[in-house]
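Asks: Here it is, the structure in full.
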Amino acid sequence: MSGFFEAGGAGTVATWLAVLVTLGVWSYLIGERRLLRISQLLLAGLATGYLSLIAIREVLIPQLIKPLAASSAHLELVLDLLLVAVLVAGRWLPRRVVAVPAAILVGGTVGYALGGAVTGTLLPQLAAGMAPRAAGPGDALAGAIGVAITVPVLLSFLHGVPRGRLLTGAATTGRWLMLGGLGAWFGFLLLSRLALLVDRIGFLLGDWLGVLR
Amino acid sequence: MTESPDEGGRREPPEPAEAPQPPEELEPAGADVESGADQVQQQSGRRTRWSSGVRAGIPTLALLVLLAIASFVPGIGFAAGGATEAAGRDLEAAIGGLQTGAPVLVDIDGDLGTYPEIRYATRAALADLMLRGANVAVVSFSGEGRAIAVAEIARLRGLGVGPDRVLDLGFRSGGEPALVQLASEGIGPDASGSFADDVRKDGLASFRLALVIGGAEIGPRSWVEQIQPRVPKLPIAAITPSFLLPEVLPYRGSGQLVALVGTLPAGLAYGQQVAARGADFGPGRFAERSPSGAAIVFGMLVAIAVLLASSGGSLAGWARAAWKRGRS
């Protein structure tokens, strides 16, 4: 059961709508595209409307308009508003003016992401990848396998560098190892998508037809 | 009349029958026969094109029907034990170690397209938290996650869970910078109630566990990178769809995540562990319908067969060419 639709008239209507849209999308399997297009447009329209509502109700009104209306002492909000206005009107403004809020936006986002990647992922993962002195032979073997996979994969990204026979062999091995990794990821993706299909079938059989408990 | 390929199965209305013409305007008999043959050919072409669309869909329709039949087959599913059960046990232990009334921060940032895969595990975790007497604060950093969070909070309220147990912290815009803001400023002044007052004092350090439901752009990786360095005492557990597993599995190996349920089998195992406990949850027990293991196993077998059939020929050709090159 998806559990999203409550019992009663509204729930029944919602279930029927979901069923119709599901069948409309599946009608593409027999070459019917109009229902699929309608469903796609419905999804795009609903998503845009929903995201606009969230932006207005949960971001703009409580975080911008209300504080500005309550007091004029929020200079940082006025500055924010100015920067957003510059971005919105960027098409008609000189490039140097638009570059300021764009640079702040990109720089801030990249700064947070890069800092987090180093302190949260790179350093802790390097530490976790090192086998401690007291580790058993299993840990040492796992570490060695990790190195044996990581080094060739990194070497496979060497481009435009003169390479000897050994380096070329290692890079080729790295490419194959990377392909193996992509294959494994594809397997996860397949399982993930199959679970979605089975869930839709379960919805039709259980929530709609009521034959699956 | 011909259809463009883009029109697919669209059927044109039948052409009106020709009005009877006076004998002097009639074309020679041969031409009449020819135009009749053209008409028949066009109609049969139209029929063929429509039926080719149906024919192309027959294998997929057959797969849908077979998966539907497989959904009724009991007793077939994923093999229990090993890493699958261990993942469920990790999450159960992380939640089981909480004291009654412990505050837990749940970040619901699933993706609408992949949420059905982790819905069962997510609801099992929420039921587990309720069973252990934890208080839950729900936050989202993506629009889709917010939609799921609203629906799940409404479902919990429908099951009889009061607002003193589930606090809605709403949507926070800004992506990773918003996570940093949450880590530095806590839940903020907007939330009200005794639970909100309790967790406002010490910021995120007030929480005993963070449970991240991933799938959208903000997920376990963002939490490990942005929250953990700033609030190192906050343990982080995660539930993610399978496709994110390669990205987040190393964090479980390094201990940065205390628990990770990242595959459907692990989610099923965990949900069954929660259901087996049999304690009351709201007005009833945790009895969510789990995805059919038989249908998924059958679908995987079909997928493997299709992959083998489609790639087998090209692999054989490649091997033959390589063998010939080796000989020459």
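Asks: Before we move on, is A:THR150 without any contact (Cβ under 8 Å) to a residue 60 or more places away in the chain, more than 9 Å from chain B (Cβ to nearest Cβ), assigned to a helix (DSSP H, G or I) and hydroxyl-bearing (Ser, Thr, Tyr)? First the steps, then the outcome.
Replies: Values: without any contact (Cβ under 8 Å) to a residue 60 or more places away in the chain: yes; more than 9 Å from chain B (Cβ to nearest Cβ): yes; assigned to a helix (DSSP H, G or I): yes; hydroxyl-bearing (Ser, Thr, Tyr): yes.
Spelling it out, A:THR150 is indeed without any contact (Cβ under 8 Å) to a residue 60 or more places away in the chain, more than 9 Å from chain B (Cβ to nearest Cβ), assigned to a helix (DSSP H, G or I) and hydroxyl-bearing (Ser, Thr, Tyr).
Residue-wise test of (1) under 30 Å from B:VAL302 (Cβ atoms); (2) of a type in the set (Asp, Glu); (3) over 18 Å from the mean Cα position of the chain (by Cα).
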{"site": "B:GLY110", "(1), (2), (3)": "yes, no, no"}
{"site": "B:ARG123", "(1), (2), (3)": "yes, no, no"}
{"site": "B:ALA127", "(1), (2), (3)": "no, no, yes"}
{"site": "B:VAL138", "(1), (2), (3)": "no, no, yes"}
{"site": "B:GLY145", "(1), (2), (3)": "no, no, no"}
{"site": "B:GLY158", "(1), (2), (3)": "no, no, yes"}
{"site": "B:LEU169", "(1), (2), (3)": "no, no, yes"}
{"site": "B:SER173", "(1), (2), (3)": "no, no, yes"}
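Asks: Six or more apart or on different chains, Cβ atoms under 8 Å: show the pairs whose first residue is in the stretch A:185-206 and facing chain B (nearest Cβ under 7 Å) and closer than 13 Å to B:VAL297 by Cα and whose second is among the polar types (S, T, N, Q) and in a helix (DSSP H, G or I).
Replies: A:LEU191/B:SER242; A:SER192/B:SER242; A:ALA195/B:SER242
Asks: Next up: Assuming B:ALA149 fulfils every condition listed in (1) more than 17 Å from B:ARG123 (Cβ to Cβ); (2) in contact (Cβ under 8 Å) with a residue 12 or more places away in the chain; (3) of a type outside the set (S, T, N, Q) apart from one, which condition is it?
Replies: Only one criterion is unmet by B:ALA149, namely (1).
Asks: So, one more: I need the full set of residues from the stretch B:146-182 which are under 26 Å from B:GLY96 (Cβ atoms) and among the small types (Gly, Ala, Ser), in order please.
Replies: B:ALA149, B:GLY158, B:GLY160, B:GLY162
Asks: Give me the pairs: first residue in the stretch A:28-56 and away from chain B (no Cβ under 11 Å), second residue of a type outside the set (Val, Ile, Thr) and assigned to a helix (DSSP H, G or I), beta-carbon distance under 8 Å, and six or more apart or on different chains, which are they?
Replies: Matching pairs, first to second residue: A:ILE38/A:GLY24; A:SER39/A:GLY24.
Asks: Within the stretch A:101-139, which residues are away from chain B (no Cβ under 14 Å) and surrounded by 13 or more Cβ atoms within 10 Å (Cβ to Cβ)?
Replies: Of all residues in the stretch A:101-139, those away from chain B (no Cβ under 14 Å) come to A:101-103, A:133-134, A:136-137.
Across the stretch A:101-139, the qualifying residues are A:PRO101, A:ALA102.
Asks: Here's a check for you: in the stretch B:152-172, which residue that is free of Cβ contacts under 8 Å to residues at least 24 places away in the same chain and surrounded by fewer than 17 Cβ atoms within 10 Å (Cβ to Cβ) is farthest from the other protein chains (Cβ to nearest Cβ)?
Replies: Out of the qualifying residues, it is B:GLY162.
Asks: Would the stretch A:64-85 turn up any residue that is under 24 Å from the mean Cα position of the chain (by Cα) and either surrounded by 15 or more Cβ atoms within 10 Å (Cβ to Cβ) or in a helix (DSSP H, G or I) (or both)? Steps first, please.
Replies: So in the stretch A:64-85, the residues under 24 Å from the mean Cα position of the chain (by Cα) come out as none.
Looking for residues that are under 24 Å from the mean Cα position of the chain (by Cα) and either surrounded by 15 or more Cβ atoms within 10 Å (Cβ to Cβ) or in a helix (DSSP H, G or I) (or both), one finds none in the stretch A:64-85, hence no.
Asks: OK, next. Where residues in the stretch A:161-188 are among the aliphatic types (A, V, I, L, M) and surrounded by fewer than 13 Cβ atoms within 10 Å (Cβ to Cβ), which of them is nearest to B:LEU63 (Cα to Cα)? Walk me through it before giving the result.
Replies: As a first pass, look at the stretch A:161-188 and keep what is among the aliphatic types (A, V, I, L, M): A:161, A:166-167, A:170-171, A:177-179, A:182, A:184.
Retained after the next criterion (residues that are surrounded by fewer than 13 Cβ atoms within 10 Å (Cβ to Cβ)): A:161, A:166, A:179, A:182, A:184.
On the way: A:VAL161: 50, A:LEU166: 48, A:LEU179: 29, A:LEU182: 26, A:ALA184: 24 Å.
Among residues in the stretch A:161-188 that are among the aliphatic types (A, V, I, L, M) and surrounded by fewer than 13 Cβ atoms within 10 Å (Cβ to Cβ), the one nearest to B:LEU63 (Cα to Cα) is A:ALA184.
Asks: Would you call A:TYR112 within 30 Å of A:ASP207 (Cβ to Cβ), touching a Leu at 6+ places or on another chain (Cβ under 9 Å) and in a helix (DSSP H, G or I)?
Replies: Numbers: within 30 Å of A:ASP207 (Cβ to Cβ): no; touching a Leu at 6+ places or on another chain (Cβ under 9 Å): yes; in a helix (DSSP H, G or I): yes.
Judged against the criteria, A:TYR112 is not a match.
Laboratory data are not the source of any read-out in this text; all were calculated from the coordinates shown. All figures in this text were calculated on a predicted structure; none of them were measured in a lab. Cβ coordinates were reconstructed from backbone atoms using ideal geometry, including for glycine residues, and neighbour counts include every protein chain displayed.
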